[in-house]
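The structure appears right after this line, and notes come after that.
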Amino acid sequence: MPVISVPQDFNEDDLFVDLEGIFGQSLFLKCEGFNFAGSIKLKAATEMVEAAERDGLLTLDSVLVESSSGNLGVALSMIAAAKGYRFLCVTDSRCNLATRLMMESLGSQVHLITEPDPVSGFLGARIDHVRALCASDDRYVWLNQYTNPGNSTAHYRRTAPAIARQFPELDVLFVGAGTTGTLMGCARYFREWHRPVRIVAVDSVGSVTFGGAAGRRMIPGLGASRRPPLLDESYVDDVVRVAETDTIRTCHRLARRGFLFGGSTGTVVSGAMDWLGRVKGRGLTAVAIAPDLGERYLETIYQTNWVQDLYSEDVLDSHALTSAP
């Protein structure tokens with residue numbers, strides 16, 4: 001059985017699950033999906049909004065606008081509703097329906113981009129749309145998670161210290177690479193720590209974040225069609241790339257043991273198990289960050305027809321779900 005570690009003074013920053021009972025290799029999964037926004041993005045959203053307020057960028061007439069594949073959009077929708085701001089999220093057709101409906105339920109507008117830019121993909125098309133909105137009306141305030149230092153500062157101040165408190169003998173940390181805010185914040189913190197920690201970035205096949213050719217990516221969250229401006233590769237020790245079929249298999253394997261996680265988590269766990277298997281990581285204290293839970297993926301990753309239509313019929317066969325990633 002997986003071991004769940006919950007301190008007596010528990011908050012959502014302190015929940016870790018040991019996956020050894022599922023994969024035969026110890027890996028502590030930091031579960032970030034238990035806050036009101038349901039994902040790790042609440043930290044970055046809070047940091048960026050509060051910085052904009054301190055800098056005097058936001059007024060009662062302001063309209064927050066951001067490009068998001070989903071989770072940051074939900075977090076900003078919640079913060080905007082609580083603070084009395086309007087919010088417009090620019091997303092694309094890969095965004096889960098449940099996520100779009102959640103943003104709209106919180107009073108946000110959602111602009112859906114249906115055609116990718118020929119060169120920079122959906123991300124480029126979303127950013128172009130945001131820039132056009134800002135040029136059309138000076139009430140729009142773009143936080144710009146792709147360049148905003150608050151995106152990484154949030155994890156330097158909160159996520160990494162929470163891991164350090166629980167695992168003072170940490171050897172390796174696995175972090176998914178999207179905007180790379182979480183990756184950079186954690187990597188900078190542990191570069192300054194009292195012992196060396198190996199930082200392994202987990203990316204999606206088809207992402208160009210660490211070089212390579214762009215390819216089709218249907219699962220939102222990790223990966224990028226252009227190099228993230230926040231990324232500093234000097235803080236990254238290794239990179240693991242995970243195919244979306246392996247992401248899906250890992251998500252289903254976790255679900256069959258009682259853990260419903262999102263696509264980013266499936267990618268990170270798959271990549272971590274691959275890395276630990278190759279380096280013979282038994283005896284290492286290893287932690288991976290799980291950005292969100294799986295409820296928002298019920299119509300995609302956990303829907304058999306969706307998986308078989310986009311990939312193949314054998315993705316979810318019994319052998320695939322019982323063999324190691």
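Assorted remarks:
- Pairs of Cα atoms nearer than 8 Å and 6+ residues apart set the relative contact order; for region 122-198 it is 30 percent.
- Qualifying trypsin sites (Lys or Arg not before Pro) in region 231-277, DSSP loop, other Cβ atoms within 10 Å at most 14: 256, 257
- Pair residue 232, residue 128: separation of 7 Å Cα→Cβ label points (nm): 3.2
- Once the C-beta distance of residue 60 and residue 255 is scaled by a Förster radius of 30 Å, the resulting FRET efficiency is 0.10 to the nearest 0.05.
- Where the chain is the region considered: accessible area per residue in Å², 1.4 Å probe: 42
- Considering only Cα atoms, the convex hull volume of region 57-210 works out to 134 Å³ per residue.
- Its residues counted as N, the chain yields a C-alpha radius of gyration over 2.2 N^0.38 Å of 0.95.
- Chain lengthening between residue 298 and residue 104 when straightened (0.36 nm per residue, less Cα-Cα): 68.0 nm
- Value of relative contact order over region 160-253, rounded to a whole percent, pairs C-alpha under 8 Å and six or more apart: 30
- As a length-normalised measure over Cα pairs under 8 Å and 6 or more apart, the relative contact order of the chain settles at 18 percent.
- Considering only the chain, percent of DSSP beta bridges that pair antiparallel, nearest 5: 25
- Take the Cβ atoms of residue 313 and residue 138, set R0 to 51 Å, and the FRET efficiency comes out at 0.45.
- Alpha-carbon centroid distance for the pair region 160-238 / region 278-318, whole angstrom: 18
- Fraction of accessible area attributable to carbon and sulfur, region 76-168 (%, probe 1.4 Å): 53
- Loop exposure criterion: GluC sites (Glu not before Pro), DSSP state outside H, G, I, E and B, at most 16 other Cβ atoms within 10 Å. Applied to the chain, the longest stretch between such sites is 1-168.
The values are calculated or read from the model by the stated rules, or taken from the named source; none is laboratory data. The structure displayed is predicted, hence computed values, not measured ones. Here the Cβ is made from the backbone with ideal geometry for all residues, glycine too, and neighbour counts use every protein chain on show. Surface areas here come from the heavy atoms of the whole protein model, side chains and all, with no ligands, DNA or RNA. Shrake-Rupley method; radii C 1.70, N 1.55, O 1.52, S 1.80 Å.
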